[in-house]
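Below is one structure, written out as structure tokens, with a few remarks after it.
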Amino acid sequence: MAKIGDKVTLHIKTDTNVAAPYVTIDGNVATVAMDGNIMSWTATNQMVAGNSAGAVIFTIDFNDISGNAASQVTAVTAGGGAVTFDQVAPVINSVTIAAGCIRLAVL
């Protein structure tokens, strides 16, 4: 579950050396960084009020270092899981107050 201000992070592992992938998270260009070597990357995006509520979608486009394009990735391929974006603030439906006699004990 993500809310406004949370960062959604994708951890990307490849089977060969790749150039920096182009990643979108909920339609926004993600910040991409190498995570140790050119077969391991992270992509992050901070969620804001304009993002779509519900399941967070993403795209990953990349080429190997020879320039061969890979198929676009749009689903989690390992470890399962999904992130849902919820930007709806909770609302209190009802508040009541009661008056009564308060007794204090004096010892």
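Miscellaneous remarks
- Relative contact order for the chain, counting Cα pairs under 8 Å that sit 6 or more residues apart, in percent: 28
- Residues of segment 1-18 with amide N under 18 Å of a point placed 7 Å along Cα→Cβ from D61: 18
- Ordering of 27-38, 65-76 by packing [mean C-beta count within 10 Å, highest first]: 27-38, 65-76
- Computed from the alpha carbon atoms alone, the convex hull of segment 7-85 holds 86 Å³ per residue.
- Dipole axis of the chain (+1 Lys, Arg; -1 Asp, Glu on Cβ), positive-most option in N63, F85, N45: F85
- Neighbourhood net charge (13 Å Cβ-Cβ; Lys/Arg +1, Asp/Glu -1) for T14: -3
- For segment 1-103, the list of trypsin sites (Lys or Arg not before Pro) that fall in a loop by DSSP and count at most 15 other C-beta atoms within 10 angstrom reads K3, R103.
- Charge dipole (debye, nearest 20) of the chain; +1 at Cβ of Lys and Arg, -1 at Cβ of Asp and Glu: 540
- Residues in segment 41-80 reached by a label modelled at Y22 [backbone nitrogen below 11 Å; 7 Å Cα→Cβ]: 60-63
- Rounded FRET efficiency, nearest 0.05, which uses the C-beta distance separating A78 from S52 and R0 of 25 Å: 0.55
- Farthest positive-ward along the chain dipole, Cα basis, beta-carbon charges - from A98, A33, V23: A98
Where a number appears in this text, it was derived from the coordinates with a stated rule and is not lab data. Just so it is clear, the model here is predicted, and its values are computed rather than measured. Methodologically, a virtual Cβ is constructed for each residue, glycine included, from the backbone with ideal geometry; neighbour enumeration extends over all protein chains shown.
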